[in-house]
Amino acid sequence: MEKGERSKCSNNRWSLAGMTALVTGGSKGIGHAIVEELAELGAAVHTCSRNEEELNKCLEKWREMKFNVTGSVCDVSSRSQREELMERVNSNFKGKLNILINNAGTGFPKAAVDVSADQYSYLMATNLESAFHLSQLAHPLLKASGRASIVFISSIAGLVAITNISIYSATKGALNQLAKNLACEWAKDNIRANSIAPGAISTPLMKPVLDIAAAKAREVSRIPMGRIGEAEEVSSLAAFLCMPAASYITGQVICIDGGRAVFDS
């Protein structure tokens, strides 16, 4: 192999050019950062949001940035809407999908004894059932691409106990295990699956906590790096896991938390 050919091959390992991607919950927070990261690295991206107004503003911004991004309204807690979303993705990308980022999720602080049946069901449907079902629906598209990657956006709450988010934590722990199982079950189809477990990240979901000075200070005190993370720090890891350079990484749960999960506070 000539020097120029080696250089070109090396560059392709760190690129997403020509790839297709679905990112759920891409209108804000970590999902928004992932959409921009993947698009900037050359992927064609489809994303979704429950909020049509927010989504349209994002799409307009991305058009101005010359990103190849499309979007549609979808509440991932709805089975029928998940099916409609995947039909659109199938049509947009002509039956092939390289990347599925199961990002959409929600949560709220509440003592376990006070969680209602409806709240439990909603968290399970939004955070866990949606990720499993979308992975099922995406499987033939991922397999058809010949080389594919699923990334679940979990949380360190799926690994360590955090007060008053028991059901949220249960959904995130389940996502971590789902990534491991699908990695093994779908390896034969050239589909990799990994889970990213963020700690405290500056996102709209964390805003109510971070807006309280005492709560923010308490959280920062548990982080060896001494600061809250940024969404772009998560998106860079998500993009890496989808690159050819990460082709032998599968079934992993990777914390991105400034050391929070390993700090004995």
*Do any residues in region 235-250 that are within 18 Å of E185 (Cβ to Cβ) and β-branched (V, I, T) have Cβ atoms under 6 Å from those of residues that are open to solvent by 20 Å² or more (accessible area, probe 1.4 Å) and not in a helix (DSSP H, G or I), where the two are at least six apart or on different chains, and which pairs are they?*
T250/R192
*The lone exception for T163 - which of (1) open to solvent by less than 60 Å² (accessible area, probe 1.4 Å); (2) at pLDDT below 95; (3) outside any helix (DSSP H, G or I) it fails*: (1)
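For every residue, the table says whether it meets (1) more than 21 Å from T250 (Cα to Cα); (2) open to solvent by 10 Å² or more (accessible area, probe 1.4 Å).
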residue: L59; (1), (2): yes, yes
residue: V69; (1), (2): yes, yes
residue: S78; (1), (2): yes, yes
residue: N90; (1), (2): yes, yes
residue: K96; (1), (2): no, yes
residue: A131; (1), (2): no, no
residue: P140; (1), (2): no, yes
residue: V151; (1), (2): no, no
_Just checking, does region 33-56 include any residue being open to solvent by 20 Å² or more (accessible area, probe 1.4 Å), part of a helix (DSSP H, G or I) and touching a residue at least 60 places away in the same chain (Cβ under 8 Å)?_
yes
_Residue list for region 18-32, filter: in a helix (DSSP H, G or I) and open to solvent by 10 Å² or more (accessible area, probe 1.4 Å)_ = G29, I30, H32
_Boolean, N12 is closer than 23 Å to S149 by Cβ, modelled with pLDDT under 95 and open to solvent by 70 Å² or more (accessible area, probe 1.4 Å)_ = yes
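Mind checking which helices (runs of 4 or more DSSP H) fall wholly inside region 167-265 and carry at least 2 residues that are open to solvent by 20 Å² or more (accessible area, probe 1.4 Å) and over 16 Å from I34 (Cβ atoms)? Spell out the reasoning first.
Values: elements: 207-210, 213-220, 231-242.
Here the list reads 207-210, 213-220.
Determine which member of the set S135, S155 is open to solvent by less than 40 Å² (accessible area, probe 1.4 Å), without any contact (Cβ under 8 Å) to a residue 60 or more places away in the chain and touching a Pro at 6+ places or on another chain (Cβ under 7 Å).
Details: S135 fails: touching a Pro at 6+ places or on another chain (Cβ under 7 Å).
None of the others qualify; the one that does is S155.
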*Are there any pairs, at least 6 apart or on different chains, whose C-beta atoms fall under 7 Å, with the first in region 168-180 and closer than 18 Å to K110 by Cβ and the second open to solvent by 30 Å² or more (accessible area, probe 1.4 Å) and not in a helix (DSSP H, G or I), and if so, which?*
S169/I162
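The values are calculated or read from the model by the stated rules, or taken from the named source; none is laboratory data. Computed from a prediction, not measured in an experiment: that's the story for all the values here. Positions of Cβ are generated from backbone atoms using ideal geometry, with glycine treated the same way; all protein chains shown enter the neighbour counts. For accessibility, only protein heavy atoms count, side chains too; no ligands or nucleic acids. Shrake-Rupley method; radii C 1.70, N 1.55, O 1.52, S 1.80 Å.
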